[in-house]
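Read-outs: derived from the displayed coordinates by stated rules, not from any lab. It should be emphasised that the depicted structure is a prediction, and the values quoted were computed from it without experimental measurement. Cβ: placed from backbone, ideal geometry, glycine included. Neighbour counts: every protein chain shown.
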Amino acid sequence: MKRRILLEQLSRELAPGELSFEAEDIAVHSGDKWFARHPPEAVVRPGSVASVARIMAWATAHRIPVTPRGSGYGYVGGCVPVEGGIALSLAGLKRIRSVSALDFTAVVESGVITATLQAAVERKGLYYPPDPASRADCSIGGNIATNAGGPRCLKYGVTRDYVLGLQVVLVTGEVVRLGGKTHKNKTGFDLHRLFVGSEGMLGVVTEVTLKLLPLPPYRACLGVGFVDIKTAAKAIRAIFAAGFLPSALEVADAFTIAAARKRTGSPLLRGAGALMIVELDGHQRSVRGEISDLDRLLRPFNPTFCQKGLGPEGCERFWALRREFSYSLRDTGLTKLNEDVVVPRGKLEALFRLGAAIQKRHGIQVACFGHAGDGNIHVNLMVDESRPAQRLAAEAGLDHLFRGVLELGGSITGEHGVGLAKKPWWTAAVSPEADRLHRRIKSTLDPDGILNPGKFLG
């Protein structure tokens, strides 16, 4: 009750309509795409950086928890306000302030939707490559919180590789600018990158300066079916050994393909035990030549099919199929535990063997698909929730997966973040020294622990 009275007083600091106690708003801001939910006591939708600063200064003075959030499309419970307090939505900060074809930069507020930015820069012949699967719905600020990737990060890198500068509101309410518009900058520490991937625990990102590239004038895809995932993994090694650097290289296993064929009816998938999608980009003449060379390279692997997709329309035929994978797995009626593990490139086959071992030992169907080119495979434990024994087996299966990935020299998350979902494995994933360093940084920037509390550091 005391906290509610305090929160009502906060409305005096804000513009009309920025603070809400409405049940519908509370429900919407209680979770993300993971299953965990917890209601905040209030939702604040600031319309300006000044409002964010006032909120943070007020929350620090009264020690009220604040959970920043973008569009709520995360998969690890990263924006669940587990200690109540304020759900701070940055969705209203959605202005694209500038796009410069001379500087190859864009300055945007953190609530801008990723696909909206991409469309805006492409109209000027520019390119923002990071492409998380939810890019039509997720925000740039959310991408920064998790250091989001996507298929194109194989060639072009992840979100952090495009962040030149940030405007951040600290827990004290101070507004700081870090980095800038130059593509090189060695003035002091690389502080703006400290906030990339920090999952909203160090400060509130309100504005971003992003690096852009020239838009590649042409794209081409190759969709290839293989008899099994082992053969696909060998083909992936051959692609890199031959000197190709695709813009994207995706793979899917037999269970995923069967589910996708049932959903889409695609004749391409008939008889395939594994699917590979390879995309190349650049100038038309070179891309057409390379896609033909790639076709010839893969023929000795006896593919069940090998088809080209030329230009945007040809590529879209394969990517439309790829976007159906997750929905196809949901269509099975099983609960999909989507884990974005990542291993060194050379351990890709070992990761698939690990998935098979988990399936055999724990009696849970495992479906694998994802970004094979950089070792970031989404290993999905497909759980029958109607069977209590499967729920217990899922816990053991997740532990088997994460510990197995760490033994392979990998990481428990490649692009979704730790959040709540992977919190139990945090201390296994980092050394005691690294854990202490994280906590020292957190305590320096957020001494009262009010920013996104209850996650992997508390």
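Before moving on, here are some points about what is shown:
- Trypsin sites (Lys or Arg not before Pro) within the range 89-194, DSSP loop, no more than 11 other Cβ atoms inside 10 Å: 123, 184, 186
- Residues of the range 192-224 with amide N under 16 Å of a point placed 7 Å along Cα→Cβ from residue 101: 212-217
- In nm, spacing of pseudo-spin labels at residue 2 and residue 161 (7 Å Cα→C-beta vector): 5.1
- Dipole magnitude (debye, nearest 20) for the chain, charges at Cβ of Lys, Arg, Asp, Glu: 660
- Under 5 Å, built H, 5+ apart or other chain: amide partners of residue 248: 279
- The range 304-382 versus the range 23-92: alpha-carbon centroid distance in Å: 32
- Near residue 164: Cβ cut-off under 14 Å, other residues only, Lys/Arg at +1 and Asp/Glu at -1. The net charge is +4.
- Cα-Cα over 28 Å, subset of 186/347; 262/360; 155/181; 124/181; 181/347: 186/347; 181/347
- Residues whose amide H comes within less than 5 Å of that of residue 282, counting only those at least five positions distant or on another chain, are 218 (H built at 1.01 Å from N in the peptide plane).
- Percentage relative contact order, the chain, counting C-alpha pairs under 8 Å, at least six apart: 15
- Whole-Hz couplings from phi, Karplus 6.51/-1.76/1.60, listed for the range 128-134; x for Gly and Pro: 10, x, x, 9, x, 4, 8
- Karplus (6.51, -1.76, 1.60) ³J(HN,Hα), θ = phi - 60°, over the range 308-322, in Hz, Gly and Pro reported as x: 8, x, 9, x, x, 5, x, 5, 4, 4, 7, 6, 4, 5, 4
- Gain in span if fully extended, residue 295 to residue 385, counting 0.36 nm per residue against the direct Cα distance: 28.1 nm
- By the beta carbon rule, with partners counted only under 4.7 Å, the chain holds these lone Cys residues: 79, 138, 153, 306, 368.
- In the range 96-214, Cα pairs under 8 Å separated by at least six residues give a relative contact order of 32 percent.
- Neighbour-limited loop hits for trypsin sites (Lys or Arg not before Pro), the range 44-90 (at most 12 other Cβ within 10 Å; DSSP other than H, G, I, E, B): 63
- For residue 211, neighbours were defined as the other residues whose beta-carbon sits under 12 Å from its Cβ, and their charges (Lys and Arg +1, Asp and Glu -1) total +1.
- Shown for the chain is the translational diffusion coefficient from the Stokes-Einstein equation, using the Kirkwood radius over Cα pairs, a temperature of 37 °C and a viscosity of 0.692 mPa s: 142 µm²/s.
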